[in-house]
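The structure appears below as structure tokens.
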Amino acid sequence: MAYKWQSRLKVGLEAALRTRSDFLAVASHESRGPLAVIHMYAEMLRGGEFGTLSTSQLDAADSIMSASGRLASIVADLLDTALLDRGTMPLRFGTISIDTLVEGTVRDVMVLGGNSGMDVTLLPGARGVFGRGDETRTRRGLATPPPTAAEYPRAA
């Protein structure tokens with residue numbers, strides 16, 4: 001009797017996990033298009049495509065670009081989660097130039113940091129350091145800010 005109950009529970013849990021994974025995949029995929037349009041129009045505003053903007057309007061366009069970039073990162077993480085759940089995440093392992101990767105990530109973070117008043121500086125370090133991994137996911141991991149104290153899970 002207990003075995004049948006556990007078996008039905010397992011089947012139900014697997015179906016719920018598949019539904020969650022499908023939802024994450026569809027939601028993240030469908031969010032990319034509108035998000036790209038928002039980012040593109042903010043870039044066009046920033047670039048003067050629709051006329052000269054005031055300083056406050058330029059700041060607003062910068063904020064839109066920054067927020068859409070952060071949201072794009074969240075959407076990419078959701079899609080990665082769905083792909084991991086399904087076991088279909090494509091990883092492209094290769095040799096990574098760590099110094100080039102860090103420099104590029106710091107440049108990306110400088111843009112986000114500058115918009116929020118944060119000062120980001122790259123200190124000189126070792127050159128010619130290489131590693132092996134998926135460059136895209138490694139860069140995303142480097143650019144993701146650490147969780148705040150409120151986001152850390154509490155011990156039960």
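Leaving out ligands and nucleic acids, and using a 1.4 Å probe, what accessible area per residue does the range 1-131 come to in Å²? Don't skip to the answer; put the middle values down first.
Numbers: 9260 Å² over 131 residues.
For the range 1-131, the solvent-accessible area averages 71 Å² per residue.
How large a share of the accessible area of the range 22-123, in percent, is made up of carbon and sulfur atoms when the probe is 1.4 Å and the other protein chains stay in place?
Numbers: 4030 of 6490 Å².
On the range 22-123, the fraction of accessible area on carbon and sulfur atoms equals 62 percent.
What's the FRET efficiency of ARG140 with THR52 using the Cβ-Cβ distance as r and R₀ = 35 Å, to the nearest 0.05?
My answer for the efficiency is 0.50.
Distance from a point 7 Å along Cα→Cβ of ARG92 to each backbone N in the range 24-48: keep the residues under 13 Å and list them by number.
Those under the cut-off are none; the list is empty.
What spacing in nm lies between the two simple spin-label points modelled at ARG132 and LEU71, each 7 Å away from Cα in the Cβ direction?
Label-label distance for ARG132 and LEU71, simple model: 4.0 nm.
The values are calculated or read from the model by the stated rules, or taken from the named source; none is laboratory data. Computed from a predicted model, the values in this text were never measured in an experiment. As a convention, Cβ positions derive from the backbone with ideal geometry for all residues, glycine included, and neighbour counts pool all protein chains shown. For accessibility, only protein heavy atoms count, side chains too; no ligands or nucleic acids. Shrake-Rupley method; radii C 1.70, N 1.55, O 1.52, S 1.80 Å.
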